[in-house]
Amino acid sequence: QFPPCPPGGRGCTAYDVVVNSGFFQTLQADPLYLEFFLTVAIEGLSEKYGVELELTGWRVLRNRKFLGSLSAQNIRARPRPHIQELQG
């Protein structure tokens, strides 16, 4: 997903968002859910990198899985919360 490049042949920056393929199928089945997810992802990128991104004009790549080179991804394994009974 990426914002459209400006007219006139000027360059632009593209951001690849890595998503689990099963979750992506769920997103594709519901256009409203897909748009919500992409809005959250774009806002997250904006906050994290301090850039202003357009919330419209994004594209899901059809014939390419990514732009440029794909780097290794690390998945953090978070400990599951312990269930506790509270008094009262």
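The values are calculated or read from the model by the stated rules, or taken from the named source; none is laboratory data. None of the values given here were measured: they were computed from a predicted structure. Here Cβ is always computed from backbone atoms with ideal geometry, including for glycine, and neighbour counts include all displayed protein chains. Areas reflect the complete protein model, heavy atoms only, side chains present, ligands, DNA and RNA absent. Shrake-Rupley method; radii C 1.70, N 1.55, O 1.52, S 1.80 Å.
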Between Glu52, Glu35, Glu43, find the one with the highest GNM mean-square fluctuation for the chain; connect C-alpha pairs within less than 10 Å. Glu52
Label-point separation, Lys65 to Phe23 (7 Å along Cα→Cβ), nm: 1.7
Å² per residue, accessible surface of the chain at 1.4 Å: 92
Assigning unit charges at the beta carbon (Lys, Arg +1; Asp, Glu -1) and nothing else, what dipole magnitude in debye, to the nearest 20, does the chain show about its Cα centre? 440
Of the residues Gln87, Thr13, Trp58, the Cα lying farthest along the dipole of the chain towards its positive end, which is defined by charges on the beta carbon of Lys, Arg, Asp and Glu, belongs to Thr13
Considering the options Leu32, Ser69, Tyr49, tell which one lies farthest towards the positive end of the dipole of the chain, charges being +1 on Lys and Arg and -1 on Asp and Glu at the Cβ, about the Cα centre. Ser69
First compute the accessible area of the chain with a 1.4 Å probe, then give the percent of it belonging to carbon and sulfur atoms. 53
